[in-house]
Amino acid sequence: MAGFRQELVAVLGKPVEENPTQAMIEAAFAAARLDWRYLTIEVAPAGLGHAVRGARAMGFRGLNLTIPHKVAVVEHLDRLSPAATLIGAVNCVVRGGDELVGENTDGAGFLAALRRRREPAGMRCVLLGAGGAARAIAVELALAGAGRITVVNRSAERGRELGALLGEHVAEVRVEQLGGRYLVPAGTDLVVNATSIGLYPTVDAEVPVSLDEVAGRALVADVIPNPPETRFLREAAAVGCETLDGLEMLVEQGRIGFALWTGVEPDAGVMRDALRRAFAASY
Ligand code: NDP
(Lines give C-alpha, C1' and ligand atoms only; values in the text may rest on other atoms or scores of the structure.)
Protein backbone atom coordinates (compact mmCIF):
# COMPACT_ATOMS: atom_id res chain seq x y z
CA MET A 1 0.00 0.00 0.00
CA ALA A 2 1.30 3.45 -0.94
CA GLY A 3 0.34 5.07 2.39
CA PHE A 4 -0.78 8.62 3.04
CA ARG A 5 2.48 10.27 4.11
CA GLN A 6 4.32 12.47 1.63
CA GLU A 7 8.02 13.34 1.54
CA LEU A 8 8.51 17.08 2.05
CA VAL A 9 10.82 19.75 0.64
CA ALA A 10 10.40 23.53 1.06
CA VAL A 11 11.84 26.88 0.15
CA LEU A 12 12.34 29.26 3.09
CA GLY A 13 12.64 32.99 2.46
CA LYS A 14 11.23 36.46 3.08
CA PRO A 15 9.88 37.72 0.78
CA VAL A 16 9.08 34.43 -0.90
CA GLU A 17 5.64 35.15 -2.40
CA GLU A 18 7.04 35.58 -5.93
CA ASN A 19 9.36 32.55 -5.83
CA PRO A 20 8.40 30.23 -8.73
CA THR A 21 10.39 27.16 -7.61
CA GLN A 22 7.34 25.28 -6.32
CA ALA A 23 5.76 25.28 -9.80
CA MET A 24 8.96 23.89 -11.33
CA ILE A 25 9.66 21.20 -8.71
CA GLU A 26 6.08 19.99 -8.23
CA ALA A 27 5.70 19.59 -12.01
CA ALA A 28 8.83 17.42 -11.94
CA PHE A 29 7.53 15.40 -8.94
CA ALA A 30 4.33 14.70 -10.88
CA ALA A 31 6.21 13.76 -14.07
CA ALA A 32 8.44 11.37 -12.06
CA ARG A 33 5.33 9.96 -10.25
CA LEU A 34 6.79 10.85 -6.86
CA ASP A 35 4.30 11.54 -4.07
CA TRP A 36 6.37 14.43 -2.73
CA ARG A 37 5.37 18.03 -1.84
CA TYR A 38 7.34 21.27 -2.27
CA LEU A 39 6.16 24.05 0.05
CA THR A 40 6.79 27.80 -0.18
CA ILE A 41 7.22 29.08 3.39
CA GLU A 42 7.78 32.63 4.59
CA VAL A 43 10.32 32.65 7.43
CA ALA A 44 11.63 35.84 9.06
CA PRO A 45 15.34 36.01 9.95
CA ALA A 46 14.61 35.59 13.68
CA GLY A 47 12.73 32.36 12.99
CA LEU A 48 15.27 30.64 10.75
CA GLY A 49 16.84 28.44 13.45
CA HIS A 50 13.41 27.29 14.64
CA ALA A 51 12.32 26.61 11.05
CA VAL A 52 15.37 24.46 10.30
CA ARG A 53 14.96 22.54 13.57
CA GLY A 54 11.29 22.03 12.68
CA ALA A 55 12.19 20.75 9.22
CA ARG A 56 14.71 18.40 10.83
CA ALA A 57 12.13 17.12 13.36
CA MET A 58 9.53 16.58 10.64
CA GLY A 59 11.96 14.67 8.47
CA PHE A 60 12.00 17.09 5.53
CA ARG A 61 14.11 15.59 2.73
CA GLY A 62 15.51 18.95 1.70
CA LEU A 63 15.25 22.72 1.64
CA ASN A 64 15.95 25.63 -0.64
CA LEU A 65 17.04 28.90 0.94
CA THR A 66 16.49 32.27 -0.62
CA ILE A 67 16.80 35.90 0.48
CA PRO A 68 17.83 36.60 3.28
CA HIS A 69 18.81 33.14 4.57
CA LYS A 70 21.58 31.82 2.28
CA VAL A 71 24.42 32.78 4.64
CA ALA A 72 22.58 32.66 7.97
CA VAL A 73 21.46 29.04 7.47
CA VAL A 74 25.04 27.75 7.60
CA GLU A 75 25.22 27.68 11.42
CA HIS A 76 22.12 25.44 11.58
CA LEU A 77 23.53 22.69 9.35
CA ASP A 78 25.78 19.71 10.10
CA ARG A 79 28.23 20.23 7.26
CA LEU A 80 28.71 21.91 3.89
CA SER A 81 29.85 20.70 0.47
CA PRO A 82 33.32 21.97 -0.58
CA ALA A 83 31.81 24.48 -3.05
CA ALA A 84 29.31 25.81 -0.48
CA THR A 85 32.17 26.18 2.02
CA LEU A 86 34.16 28.25 -0.46
CA ILE A 87 31.16 30.32 -1.55
CA GLY A 88 30.11 30.84 2.09
CA ALA A 89 26.43 30.44 1.23
CA VAL A 90 23.88 27.64 0.91
CA ASN A 91 20.82 27.65 -1.35
CA CYS A 92 20.03 23.95 -1.07
CA VAL A 93 19.97 21.57 1.92
CA VAL A 94 19.92 17.81 1.54
CA ARG A 95 19.07 15.37 4.31
CA GLY A 96 21.48 12.47 4.42
CA GLY A 97 20.53 10.10 7.27
CA ASP A 98 20.33 12.34 10.34
CA GLU A 99 22.52 15.02 8.79
CA LEU A 100 21.53 18.24 7.05
CA VAL A 101 24.13 19.00 4.39
CA GLY A 102 24.44 22.45 2.81
CA GLU A 103 25.01 22.67 -0.94
CA ASN A 104 25.18 25.57 -3.36
CA THR A 105 23.54 24.73 -6.66
CA ASP A 106 23.40 28.29 -8.09
CA GLY A 107 26.91 28.19 -9.48
CA ALA A 108 26.71 24.49 -10.33
CA GLY A 109 23.47 25.16 -12.25
CA PHE A 110 25.19 27.89 -14.23
CA LEU A 111 28.13 25.61 -15.00
CA ALA A 112 25.86 22.78 -16.13
CA ALA A 113 24.09 25.16 -18.52
CA LEU A 114 27.43 26.57 -19.71
CA ARG A 115 28.92 23.12 -20.36
CA ARG A 116 26.14 22.40 -22.87
CA ARG A 117 27.64 25.18 -25.00
CA ARG A 118 31.36 25.43 -24.23
CA GLU A 119 34.06 23.92 -22.04
CA PRO A 120 34.91 26.30 -19.17
CA ALA A 121 38.55 25.17 -18.69
CA GLY A 122 40.93 27.95 -19.76
CA MET A 123 38.11 30.45 -20.43
CA ARG A 124 38.80 34.16 -19.99
CA CYS A 125 35.72 35.42 -18.19
CA VAL A 126 34.22 38.80 -17.35
CA LEU A 127 31.75 38.62 -14.49
CA LEU A 128 29.54 41.58 -13.68
CA GLY A 129 28.53 41.67 -10.04
CA ALA A 130 29.94 40.42 -6.75
CA GLY A 131 26.78 39.43 -4.86
CA GLY A 132 25.54 35.94 -4.01
CA ALA A 133 24.94 34.76 -7.59
CA ALA A 134 28.25 36.19 -8.84
CA ARG A 135 30.14 34.59 -5.97
CA ALA A 136 28.63 31.17 -6.65
CA ILE A 137 29.31 31.39 -10.40
CA ALA A 138 32.86 32.69 -9.90
CA VAL A 139 33.78 29.87 -7.51
CA GLU A 140 32.41 27.19 -9.85
CA LEU A 141 34.19 28.75 -12.86
CA ALA A 142 37.40 28.73 -10.82
CA LEU A 143 36.93 25.09 -9.77
CA ALA A 144 36.25 24.21 -13.42
CA GLY A 145 39.65 25.63 -14.41
CA ALA A 146 38.77 29.03 -15.91
CA GLY A 147 41.96 30.76 -17.09
CA ARG A 148 41.08 34.32 -16.05
CA ILE A 149 38.21 35.91 -14.14
CA THR A 150 37.68 39.66 -14.20
CA VAL A 151 35.19 40.79 -11.54
CA VAL A 152 33.48 44.06 -12.47
CA ASN A 153 31.35 45.47 -9.67
CA ARG A 154 29.75 48.78 -8.71
CA SER A 155 30.91 48.58 -5.08
CA ALA A 156 34.70 48.40 -5.16
CA GLU A 157 34.92 46.77 -1.75
CA ARG A 158 32.58 43.91 -2.61
CA GLY A 159 34.45 43.38 -5.87
CA ARG A 160 37.79 43.21 -4.04
CA GLU A 161 36.38 40.70 -1.54
CA LEU A 162 35.36 38.36 -4.35
CA GLY A 163 38.71 38.88 -6.09
CA ALA A 164 40.52 37.89 -2.86
CA LEU A 165 38.35 34.79 -2.47
CA LEU A 166 39.21 33.67 -6.01
CA GLY A 167 42.90 34.52 -5.67
CA GLU A 168 44.38 31.11 -5.02
CA HIS A 169 41.90 29.20 -7.22
CA VAL A 170 42.35 30.90 -10.62
CA ALA A 171 45.51 31.56 -12.63
CA GLU A 172 44.60 35.23 -13.13
CA VAL A 173 42.11 37.41 -11.27
CA ARG A 174 41.34 41.03 -12.06
CA VAL A 175 39.00 43.39 -10.24
CA GLU A 176 37.50 46.49 -11.88
CA GLN A 177 35.06 49.00 -10.49
CA LEU A 178 31.96 49.54 -12.61
CA GLY A 179 31.93 53.28 -13.27
CA GLY A 180 30.58 54.37 -16.63
CA ARG A 181 30.38 51.82 -19.40
CA TYR A 182 32.74 48.84 -19.09
CA LEU A 183 34.43 47.87 -22.34
CA VAL A 184 34.79 44.07 -22.39
CA PRO A 185 38.36 43.47 -23.66
CA ALA A 186 39.11 41.57 -26.87
CA GLY A 187 39.98 37.94 -26.17
CA THR A 188 37.23 37.49 -23.57
CA ASP A 189 35.44 34.14 -24.05
CA LEU A 190 32.57 34.55 -21.59
CA VAL A 191 30.65 37.59 -20.31
CA VAL A 192 28.15 37.07 -17.47
CA ASN A 193 25.67 39.58 -16.09
CA ALA A 194 25.38 38.36 -12.48
CA THR A 195 23.81 41.60 -11.21
CA SER A 196 20.10 42.09 -10.66
CA ILE A 197 19.92 44.62 -13.54
CA GLY A 198 17.03 43.73 -15.88
CA LEU A 199 14.96 41.67 -13.46
CA TYR A 200 11.17 42.03 -13.90
CA PRO A 201 9.63 44.63 -13.64
CA THR A 202 12.62 46.89 -14.52
CA VAL A 203 13.13 45.08 -17.80
CA ASP A 204 14.40 48.14 -19.69
CA ALA A 205 17.35 48.76 -17.37
CA GLU A 206 20.63 48.69 -19.23
CA VAL A 207 23.65 46.59 -18.25
CA PRO A 208 26.44 49.20 -18.66
CA VAL A 209 28.76 47.11 -20.79
CA SER A 210 30.08 47.43 -24.32
CA LEU A 211 30.50 44.20 -26.30
CA ASP A 212 32.10 45.96 -29.31
CA GLU A 213 35.48 44.20 -28.88
CA VAL A 214 33.99 40.71 -28.52
CA ALA A 215 31.13 40.94 -31.03
CA GLY A 216 30.49 37.63 -32.76
CA ARG A 217 32.93 35.76 -30.49
CA ALA A 218 32.10 35.75 -26.77
CA LEU A 219 29.39 33.67 -25.18
CA VAL A 220 27.15 36.11 -23.28
CA ALA A 221 25.13 34.91 -20.28
CA ASP A 222 22.58 36.51 -17.97
CA VAL A 223 21.45 35.25 -14.56
CA ILE A 224 18.09 37.03 -14.81
CA PRO A 225 15.46 34.28 -15.18
CA ASN A 226 12.46 36.58 -15.58
CA PRO A 227 12.21 37.61 -18.34
CA PRO A 228 14.56 35.06 -19.93
CA GLU A 229 15.09 37.25 -23.01
CA THR A 230 16.67 40.26 -21.27
CA ARG A 231 17.62 43.49 -22.99
CA PHE A 232 21.29 42.55 -22.38
CA LEU A 233 20.93 39.20 -24.19
CA ARG A 234 18.98 40.81 -27.04
CA GLU A 235 21.80 43.33 -27.50
CA ALA A 236 24.40 40.55 -27.36
CA ALA A 237 22.55 38.52 -29.99
CA ALA A 238 22.26 41.62 -32.17
CA VAL A 239 26.09 41.84 -32.34
CA GLY A 240 26.40 38.14 -33.19
CA CYS A 241 27.15 36.68 -29.75
CA GLU A 242 25.82 33.31 -28.65
CA THR A 243 23.67 33.69 -25.52
CA LEU A 244 22.75 31.72 -22.39
CA ASP A 245 19.73 32.81 -20.36
CA GLY A 246 18.98 32.76 -16.62
CA LEU A 247 16.00 30.45 -17.06
CA GLU A 248 18.36 27.71 -18.18
CA MET A 249 20.50 28.30 -15.08
CA LEU A 250 17.43 28.21 -12.83
CA VAL A 251 16.24 24.94 -14.38
CA GLU A 252 19.70 23.40 -14.03
CA GLN A 253 20.06 24.39 -10.36
CA GLY A 254 16.58 22.96 -9.73
CA ARG A 255 17.50 19.78 -11.57
CA ILE A 256 20.61 19.32 -9.43
CA GLY A 257 18.63 19.88 -6.19
CA PHE A 258 15.87 17.49 -7.30
CA ALA A 259 18.39 14.73 -8.05
CA LEU A 260 20.15 15.27 -4.69
CA TRP A 261 16.86 15.07 -2.74
CA THR A 262 15.18 12.21 -4.58
CA GLY A 263 17.96 10.25 -6.27
CA VAL A 264 15.88 10.55 -9.45
CA GLU A 265 16.85 12.53 -12.56
CA PRO A 266 13.95 14.92 -13.32
CA ASP A 267 12.51 15.87 -16.71
CA ALA A 268 14.17 19.25 -17.40
CA GLY A 269 11.70 20.02 -20.21
CA VAL A 270 8.76 19.71 -17.81
CA MET A 271 10.56 22.01 -15.35
CA ARG A 272 11.29 24.64 -18.01
CA ASP A 273 7.67 24.66 -19.24
CA ALA A 274 6.32 24.97 -15.69
CA LEU A 275 8.60 27.94 -15.00
CA ARG A 276 7.66 29.70 -18.21
CA ARG A 277 3.97 29.28 -17.34
CA ALA A 278 4.56 30.54 -13.78
CA PHE A 279 6.37 33.64 -15.03
CA ALA A 280 3.70 34.33 -17.68
CA ALA A 281 0.99 34.09 -15.00
CA SER A 282 2.80 36.60 -12.76
CA TYR A 283 2.74 39.50 -15.29
P1 NDP B 1 22.85 40.43 -4.47
O2 NDP B 1 21.98 41.50 -3.89
O3 NDP B 1 23.68 39.57 -3.59
O4 NDP B 1 23.87 41.13 -5.52
C5 NDP B 1 23.42 42.05 -6.47
C6 NDP B 1 24.58 42.43 -7.40
O7 NDP B 1 24.06 43.30 -8.43
C8 NDP B 1 25.68 43.22 -6.70
O9 NDP B 1 26.92 42.92 -7.31
C10 NDP B 1 25.27 44.67 -6.99
O11 NDP B 1 26.36 45.56 -6.95
C12 NDP B 1 24.76 44.54 -8.41
N13 NDP B 1 23.82 45.58 -8.80
C14 NDP B 1 22.51 45.69 -8.46
N15 NDP B 1 21.96 46.78 -9.04
C16 NDP B 1 22.95 47.38 -9.77
C17 NDP B 1 23.01 48.54 -10.60
N18 NDP B 1 21.94 49.30 -10.80
N19 NDP B 1 24.18 48.84 -11.18
C20 NDP B 1 25.28 48.06 -10.99
N21 NDP B 1 25.29 46.96 -10.22
C22 NDP B 1 24.14 46.60 -9.60
O23 NDP B 1 21.89 39.56 -5.38
P24 NDP B 1 22.12 38.07 -5.91
O25 NDP B 1 23.52 37.94 -6.36
O26 NDP B 1 21.58 37.10 -4.93
O27 NDP B 1 21.13 38.03 -7.16
C28 NDP B 1 21.46 38.74 -8.36
C29 NDP B 1 20.50 38.31 -9.46
O30 NDP B 1 20.74 36.94 -9.76
C31 NDP B 1 19.01 38.41 -9.07
O32 NDP B 1 18.34 39.09 -10.11
C33 NDP B 1 18.53 36.97 -9.02
O34 NDP B 1 17.22 36.85 -9.52
C35 NDP B 1 19.51 36.29 -9.96
N36 NDP B 1 19.68 34.87 -9.66
C37 NDP B 1 19.40 33.97 -10.64
C38 NDP B 1 19.55 32.63 -10.41
C39 NDP B 1 19.22 31.68 -11.51
O40 NDP B 1 19.20 30.46 -11.24
N41 NDP B 1 18.96 32.13 -12.73
C42 NDP B 1 20.03 32.09 -9.13
C43 NDP B 1 20.34 33.13 -8.17
C44 NDP B 1 20.16 34.47 -8.43
P45 NDP B 1 26.84 46.22 -5.54
O46 NDP B 1 27.72 45.20 -4.87
O47 NDP B 1 27.58 47.44 -5.98
O48 NDP B 1 25.59 46.55 -4.77
- request: State the antiparallel share, in %, of DSSP beta bridges confined to the chain, rounding to the nearest 5.
  value: 20
task: Could you please state how large a percent of the accessible area of region 107-244 is carbon and sulfur, counting protein chains only and using a 1.4 Å probe?
output: 47
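State, as an integer percentage, the relative contact order of region 107-244 based on alpha-carbon contacts under 8 Å between residues 6 or more apart. Write down the numbers at each step before the final one.
Details: 285 pairs, mean separation 29.4, N = 138.
Dividing the mean separation by the residue count of region 107-244 yields 21 percent.
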- request: Apply the Karplus parameterisation 6.51 cos²θ - 1.76 cosθ + 1.60, with θ equal to phi minus 60°, to every residue of region 133-145 and state each ³J(HN,Hα) to the nearest whole Hz, in sequence, with x for glycine and proline.
  value: 5, 5, 4, 5, 5, 4, 5, 5, 4, 5, 5, 7, x
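Tell me, what does the Kirkwood hydrodynamic radius of the chain come to in angstroms if you use every pair of distinct C-alpha atoms?
Values: mean 1/r = 0.0516 Å⁻¹.
Averaging 1/r across every pair of different Cα atoms and inverting gives 19.4 Å.
Which order do the peptides 219-226, 22-29, 40-47 come out in when sorted by mean C-beta neighbours inside 10 angstrom, highest first?
Values: 219-226: 25.2, 22-29: 22.1, 40-47: 13.9.
Ranked by mean Cβ neighbours within 10 Å, highest first: 219-226, 22-29, 40-47.
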- line: Sorted by chain and number, the residues with a modelled amide H under 5 Å from that of Glu176, at a separation of 5 or more or across chains, are Val151, Val152, Asn153
- prompt: Is region 107-244 best put as rounded, prolate or oblate by its Cα gyration tensor, with a ≥ b ≥ c the root eigenvalues, rounded for a/c under 1.5, and otherwise prolate when a/b is larger than b/c, oblate when not?
  reply: rounded
task: Report, in whole Å, the centroid distance computed from the Cα atoms of region 167-210 and region 36-65.
output: 34
- line: At q = 0.12, 0.20 1/Å the base-10 log of I(q)/I(0) from the Debye formula over the alpha-carbon atoms of region 9-109 is -0.36, -1.03
task: Using a 1.4 angstrom probe, figure out how much accessible area the chain has per residue, in square angstrom, rounded to the nearest whole.
output: 45
message: Tell me the net charge near Gly159. Cut-off is 13 Å between Cβ atoms, Gly159 excluded, with +1 for each Lys or Arg and -1 for each Asp or Glu.
response: +2
message: Below 8 Å, C-alpha to C-alpha, sequence gap of six or more: please give me the relative contact order for the chain in percent.
response: 17
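The values are calculated or read from the model by the stated rules, or taken from the named source; none is laboratory data. Everything numeric in this text was worked out from a predicted model, so none of it was measured. Heads up, the Cβs are rebuilt from the backbone with ideal geometry, glycines too, and the neighbour counts pull from every protein chain shown. SASA here: full protein model, heavy atoms, side chains in, ligands and nucleic acids out. Shrake-Rupley method; radii C 1.70, N 1.55, O 1.52, S 1.80 Å.
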